[in-house]
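Following: one structure in structure tokens, then a few remarks.
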Amino acid sequence: MKTKTLKRALAALTAVAMLVGLTACAGGSDNSDSTSSGIESTSSGTESTASAEEDGPLTPYEEPVKLTWAVQASAVQQFKDGDTYDDNVWSRLIKEKLNIDLEVAFSADISTDAYKNKMNVMLASGEFPDVVRYDNRTFFKQAQEAGYIQPIGDVFEQYATDAVKAYETEYADAFEGAKIDNQLYAFPYMNDNFHQAAFLWIRDDWLENTNSEPPKTVDEMVELARKFTFEDPDGNGQDDTYGFGLAGSVVQSNYGTLLGLAGAYGVPGYGNTGVFYRDDDGKMTFAYLQPGMKDCLALVHQMYEEGLIDPEFVSEDVASMEEEVTNGTLGMMYHMNWGTWHPFNYSYQQDGVITRPYPIPTVDGIEPKMGINSNQTGDLFMVSAECEHPEAIIKILNLYEQVAISSEDPNDFQTYWANEQYRLCPIYIGMPTENFAPVIHEALEAGTSDGLAGTALEYYNYVVDFEDGSLKDDTNAYGTWGQMYIDGYGGSMKIALDYQSKGWLVTNVMANEMPDIWLQNSSVLGDMVDTTFVDIITGNKPVDYFDTFVEEWLAAGGQATLDALDEMYPAE
């Protein structure tokens, strides 16, 4: 979606939030009124099995209805006043307004393999909770083929409010990615993936302490890493810093990735399964087979040998990198757009240090390429085939939209969205902060919030109030500010939109439809990427081994995948 189109989409959704008021669908006997702080519970006077013509999109059940859900547990989750996954602001609101009792079927850590493993067990057993959130399209397809999930298109059409239905129009690609055989089998995350590109994040204080400027070229980035490693940037007189942060999963879309550096060499990567795209000659290819990837790895190997990277980086994961950021031993790393949310919120809370994003440094003579996923991919909320009340799940969506997105009462946003509270709702409208960037930038440039409402207004206020100091200690304000501020290079969203305008973003050709050969071999091919790249960086394999990797990757199902994609997604 281009910037102008996104502005129009967000403007339309803002207008819906301000004007529609989430009334009942046609013919409903729902007497619920929309208010600034939620809805008033009323008796529907119908049985819980009533049709949409007798029952409204926010009508509470006369008798309690139970829904079970799977929790994606995470260390970032915050709980208020003794709340738990079982008992929290959302479970209580949903009970109060809709008479729905939520029950946690299980919880598993999404930052490790725990949740993935639980999904595999669930797929093998066929025992699904009523609501499941997962982004794996292989799982999605297999669950549908096995009859474990049900189509929700009809119940969505019958029960969704106009405000919720508006997302189907404005995020058509996302909804297309939630369909199988042209039927809607899940409620999707609202994707406009321009923001998935990588950035170079640098500590303000280390730049100042070393009298340095943000690097514009890769050579300047390496020189800055030397200063951050050898010139005591934290001023404690000890040799305890590393200039360049790198994670063990070197091309992950997370902390300490090489995606930004690879992009500077013309490699549009994204995770270990990469990006498929057509090259300048129209030939289907894969990101990590490009010669520029070999040059990138050769440079990182040099940086590793020089001591600019922690020699134990192979064991670095999300948790350990958060610890190093908190302790102040890393000065710079490539990361995604949300660095001020995680992990640089820890160093800000600990020492008041601001770490901010910069455009990726470039290589002379090479046009950068940054990989992003198709808008048809992303998280899906699936409904079990055994769920007796799928309309109850749509009602929760309606409630979420009214309270967490469209409400004009700022207390609602703080109560039901801020501080990770939105994650406690079993199904929600996953509209990333990033998607509001164009309208927020426009408002910041104009110096007024006129025309903003709901979520967009709250984000605007976070940026303004962080900059004037009134919310300098608020982690939500710091997180939003790092994405949305417009001074200088700007936050990550201004930079990402600049990438987009320069034509640096490359969208993965492979969308919701995936070749069987890829589904069978993607895990093995991804492991080959991770293992080979780490081996080259550490010197376990010579840089020229990259050529062998290319041959082996193609032979292990890579070439067959390219051939299948060439037919599945023909050149336009």
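The values are calculated or read from the model by the stated rules, or taken from the named source; none is laboratory data. Predicted model, so just to flag it, every value in this text is computed and none were measured. Note: ideal-geometry Cβ built from the backbone for every residue, glycine included; neighbour counts use all protein chains shown. To get the accessible areas, we keep the full protein, side chains included, count just its heavy atoms, and leave off ligands, DNA and RNA. Shrake-Rupley method; radii C 1.70, N 1.55, O 1.52, S 1.80 Å.
Assorted remarks:
- Filtered residues of segment 555-572 (kept if in contact (Cβ under 8 Å) with a residue 40 or more places away in the chain, open to solvent by 50 Å² or more (accessible area, probe 1.4 Å) and either touching a Pro at 6+ places or on another chain (Cβ under 7 Å) or among the aliphatic types (A, V, I, L, M) (or both)): M568, A571
- Taken together, the residues in segment 488-516 that are among the hydrophobic types (A, V, I, L, M, F, W, C) and either open to solvent by 50 Å² or more (accessible area, probe 1.4 Å) or in a strand (DSSP E or B) (or both) amount to 2.
- Per-region count, segment 145-154, residues open to solvent by 20 Å² or more (accessible area, probe 1.4 Å) and touching a residue at least 60 places away in the same chain (Cβ under 8 Å): 3
- Whichever residue in segment 198-211 is open to solvent by less than 20 Å² (accessible area, probe 1.4 Å) and without any contact (Cβ under 8 Å) to a residue 40 or more places away in the chain and, among such residues, is farthest from the chain's Cα centre (by Cα): T210
- When segment 185-242 is filtered for residues that are outside any loop (DSSP other than H, G, I, E, B) and within 30 Å of G378 (Cβ to Cβ), the ones remaining, listed by number, are A186, F187, P188, N193, F194, H195, Q196, F199, L200, W201, I202.
- Any chance S347 is over 11 Å from A247 (Cβ atoms) and in contact (Cβ under 8 Å) with a residue 60 or more places away in the chain: yes
- Restricting segment 526-571 to residues that are of a type in the set (D, E) and out of contact with any strand residue (DSSP E or B) (no Cβ under 9 Å at 6 or more places or on another chain), the residue that is nearest to D516 (Cα to Cα): E567
- Screening Q142, Q158 for residues that are open to solvent by 60 Å² or more (accessible area, probe 1.4 Å), assigned to a helix (DSSP H, G or I), over 19 Å from T68 (Cα atoms) and at pLDDT below 95 leaves exactly one candidate, Q142.
- Listed here are the helices (runs of 4 or more DSSP H) enclosed by segment 328-427 that have at least 2 residues being more than 23 Å from the chain's Cα centre (by Cα) and under 24 Å from E176 (Cα atoms): 390-400.
- Whenever a residue of segment 87-98 is open to solvent by 10 Å² or more (accessible area, probe 1.4 Å), its partners that are part of a helix (DSSP H, G or I) and of a type in the set (A, V, I, L, M, F, W, C), lying with C-beta atoms within less than 9 angstrom and at least six residues away or across chains, give the pairs V89/L424; S91/L424; L93/L399; L93/V403; K97/L399; K97/V403.
A quick yes/no check of all residues on (1) over 18 Å from the mean Cα position of the chain (by Cα); (2) open to solvent by less than 20 Å² (accessible area, probe 1.4 Å):
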{"residue": "E434", "(1), (2)": "no, yes"}
{"residue": "A437", "(1), (2)": "no, yes"}
{"residue": "E442", "(1), (2)": "yes, no"}
{"residue": "G454", "(1), (2)": "yes, yes"}
{"residue": "N461", "(1), (2)": "yes, no"}
{"residue": "E467", "(1), (2)": "yes, no"}
{"residue": "N476", "(1), (2)": "no, yes"}
